[in-house]
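See structure below.
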Amino acid sequence: MEVVVSATSLGATVTGVDLSVAVDDDEAAEIRALLDDRGVLAFPGQHLDDDGLKRVAAMWAEPQPHPVVEFLGGSDVIGVVFNDADHPPASGGDSAFHTDYSFCAEIPDVAVLRSVTAPPVGGATTWSDAVAACGSLDPELRDRLLTLRAHHDPGPRFLLEMEVRLGAELAARTDERFGSGSEHPIIATHPRTGSELLFVNAGYTRSIVGLSDAESTQLLDRLLGAFDDPDTTFEHRWSEGDVVIWDEHRTVHRGPDDFAPHARELHRCTAGRRAPQPIAG
Ligand SMILES: [Fe+2]
């Protein structure tokens, strides 16, 4: 297994391992340790099928359906992200940094994507390091944040997207279940490494609980700005067959809709679910 570590605090590219067959225990342990160290791992040219994708995700925890799929009675753990000229990406889409479904009480441990169709231009995914973002805060602010929580919710775009996908009735039920969102600690502790991380994201974090609107907006803007340091991000430009694994607690990610009208298809599987934990004490 050859590992090329990114020049930033996040990410590594791994070759010399075949994820299309079950990896042995030593290799699996090495890959898990590498993910804890680097937060995002890119494996170019793997050409997995969906069973292979599930097997990779299961190296961390049990694969889980998306909470909306589960709520609607589904159990499929593979999510398909598909866009082309007739199905353009939703405006805004996932172009803001986010943690997958942080509007729920629990988030995935890891997510794995495999590229089925890659656009000739655009469509890269970028991750940013929430541990580095936390470390960049001045200690006084960090101490204050330990006492604060933030409100996350899916926002108005979610309901529109659900209406397109599910029709008005199911969209309304889904909105009833998920629309009110969840509260999370602003500084959380990483479930495996124990590192402190900044748990807010531009996609779903709406406000800081207990602050005035003006104060909340100002503080949130400042915190979200901590994710914009190019020294703590990792970008992956997709080619067909690539696999990327990332740590949902350690990172936020975004996928701009800059590839339209070209086709892009990614299959996703997430594993594990747990609530972001506040710092003990
Ligand atoms: Fe996402």
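Got a number for residues in region 70-103 being of a type in the set (A, V, I, L, M, F, W, C), over 24 Å from ASP51 (Cα atoms) and either touching a Leu at 6+ places or on another chain (Cβ under 6 Å) or surrounded by fewer than 21 Cβ atoms within 10 Å (Cβ to Cβ) (or both)?
Counting residues in region 70-103 that are of a type in the set (A, V, I, L, M, F, W, C), over 24 Å from ASP51 (Cα atoms) and either touching a Leu at 6+ places or on another chain (Cβ under 6 Å) or surrounded by fewer than 21 Cβ atoms within 10 Å (Cβ to Cβ) (or both) gives 3.
Table: residues versus (1) farther than 25 Å from ARG149 by Cα; (2) away from the ligand (no atom under 13 Å from the Cβ); (3) in contact with a Ser or Thr (Cβ under 7 Å, 6 or more places away or on another chain); (4) touching a residue at least 40 places away in the same chain (Cβ under 8 Å).
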{"site": "ASP228", "(1), (2), (3), (4)": "no, yes, no, yes"}
{"site": "PHE234", "(1), (2), (3), (4)": "yes, yes, yes, yes"}
{"site": "SER239", "(1), (2), (3), (4)": "yes, yes, yes, yes"}
{"site": "VAL243", "(1), (2), (3), (4)": "yes, yes, no, yes"}
{"site": "HIS253", "(1), (2), (3), (4)": "no, no, yes, yes"}
{"site": "PHE259", "(1), (2), (3), (4)": "yes, yes, no, yes"}
{"site": "GLU265", "(1), (2), (3), (4)": "yes, yes, yes, yes"}
{"site": "ARG268", "(1), (2), (3), (4)": "yes, no, no, yes"}
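Can you name every residue in region 103-128 that is part of a loop (DSSP other than H, G, I, E, B) and among the small types (Gly, Ala, Ser)? Show your work before the answer.
Keep residues of region 103-128 that are part of a loop (DSSP other than H, G, I, E, B), which gives 103-106, 108-109, 118-124.
Matches in region 103-128: ALA105, ALA118, GLY122, GLY123, ALA124.
Quickly run through region 47-88 and pick out the residues that are aromatic (Phe, Trp, Tyr) and part of a loop (DSSP other than H, G, I, E, B). Quick ask: steps written out before the conclusion?
First, pick out the residues of region 47-88 that are aromatic (Phe, Trp, Tyr): 60, 71, 82.
Result: TRP60, single match.
Somewhere in region 146-160, is a residue in a helix (DSSP H, G or I), touching a strand residue (DSSP E or B) at 6+ places or on another chain (Cβ under 8 Å), more than 16 Å from the ligand (Cβ to nearest atom) and charged (D, E, K, R)?
Initially, region 146-160 is screened for residues in a helix (DSSP H, G or I), giving 156-160.
Those still in the list that are touching a strand residue (DSSP E or B) at 6+ places or on another chain (Cβ under 8 Å) too: none.
No, region 146-160 contains no residue that is in a helix (DSSP H, G or I), touching a strand residue (DSSP E or B) at 6+ places or on another chain (Cβ under 8 Å), more than 16 Å from the ligand (Cβ to nearest atom) and charged (D, E, K, R).
All of the numbers you see were taken from the coordinates with simple rules; none came from a lab. Only a predicted model underlies this, so the values are computations on that prediction, with no experimental measurement involved. Please note: Cβ atoms are built from the backbone with ideal geometry, for glycine as well, and neighbour counts cover all protein chains shown.
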